[in-house]
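Some notes on the structure that comes next.
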Amino acid sequence: MSALKPSLFALLGGGLLGAMVFLNGALAGHVHPLAASLVVHLVGLVVALAVLALWRPGATARTERLPPWYYAAGVFGALAVAGTGLTVNSPLGVSGTVALVVFGQIVYGACNDRFGLLGSAQRRLTRWDGLQAVMLLAGVGLLLHD
């Protein structure tokens with residue numbers, strides 16, 4: 001399978017995430033960040049239900065028991081959205097918040113690949129992975145420097 005289609009979807013997801021961070025922060029400027037997170041997740045639930053009702057991807061039902069940590073994604077998502085609601089309205093702004101979120105994702109991704117966290121496959125990290133993290137951290141530093 002070509003990496004082009006997944007790469008385009010990932011780019012779209014990144015852009016949507018950046019817009020979501022801004023809009024969530026704007027909402028959190030008017031209500032408590034946890035209330036903003038609740039609104040964002042409720043709207044997301046409605047959209048997900050509508051998409052599932054209109055588009056049946058043809059996946060078969062699986063009856064095996066899922067690991068309980070799969071459900072932690074909802075907890076992590078709620079905390080991440082509430083956290084970005086706080087940081088967007090700080091001196092970090094939208095660009096600083098998004099940059100640090102992306103850096104956090106790079107660090108988590110490297111740890112996840114190296115140690116196979118939460119049942120994922122392990123992958124040996126290369127010097128390119130380290131260079132990527134160092135360059136991204138340098139970029140974050142430049143972005144946050146006044």
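Is the shape of the chain best called rounded, prolate or oblate, per the rule: a/c under 1.5 gives rounded, else a/b larger than b/c gives prolate, else oblate, with a ≥ b ≥ c the square roots of the Cα gyration tensor eigenvalues?
In terms of gyration-tensor shape, oblate.
At a threshold of 8 angstrom on Cα-Cα distance, excluding pairs fewer than six apart, so keeping six or more, what relative contact order does the chain reach in percent? Intermediate values should be presented prior to the final figure.
Working: 91 pairs, mean separation 35.7, N = 146.
Here the relative contact order equals 24 percent.
Given contacts defined as C-alpha pairs under 8 Å and at least six residues apart, what's the relative contact order of region 91-146, whole-number percent?
In percent, rounded to a whole number, it is 38.
Kindly put HIS32, HIS41 in sequence by how many other C-beta atoms sit within 10 Å of each C-beta, fewest to most.
HIS32, HIS41
Quick one: TRP69, TRP128, fewest Cβ neighbours within 10 Å first, how do they rank?
Fewest-to-most Cβ neighbours within 10 Å comes out as TRP128, TRP69.
Note down the relative contact order for region 14-93 as a percent, whole number, built from C-alpha pairs under 8 angstrom at least six residues apart.
56 percent
Sort MET135, MET20 by Cβ crowding within 10 Å, fewest neighbours at the top.
Ascending number of Cβ neighbours within 10 Å: MET135, MET20.
With the crude spin-label approximation of a point 7 Å out along Cα→Cβ, what separation in nm comes out for LEU16 versus LEU79?
Modelled inter-label distance: 2.4 nm.
Scan the chain and note any complete DSSP helix (H) whose C-alpha atoms cover at least 30 Å along its axis and whose Kyte-Doolittle average is 1.0 or more.
Length and hydropathy pass: 4-28, 33-54.
Can you tell me how much longer the chain between ASP146 and PHE115 gets when fully stretched, taken as 0.36 nm per residue apart minus their C-alpha distance, in nm with one decimal? Display every interim value, and only then the final one.
On the way: separation 31, 0.36 × 31 = 11.16 nm, distance 3.63 nm.
The ASP146-PHE115 span can extend by a further 7.5 nm.
Can you give the FRET efficiency for LEU66 and LEU8, using 1/(1 + (r/R0)^6), R0 = 35 Å, r = Cβ-Cβ distance, to the nearest 0.05?
About 0.75, to the nearest 0.05.
Read the figures in this text as sums done on the coordinates, not as results from a lab. These numbers come from a predicted model, not from an experiment. Reconstructed Cβ throughout: ideal geometry from the backbone, glycine too, with neighbour counts over all protein chains shown.
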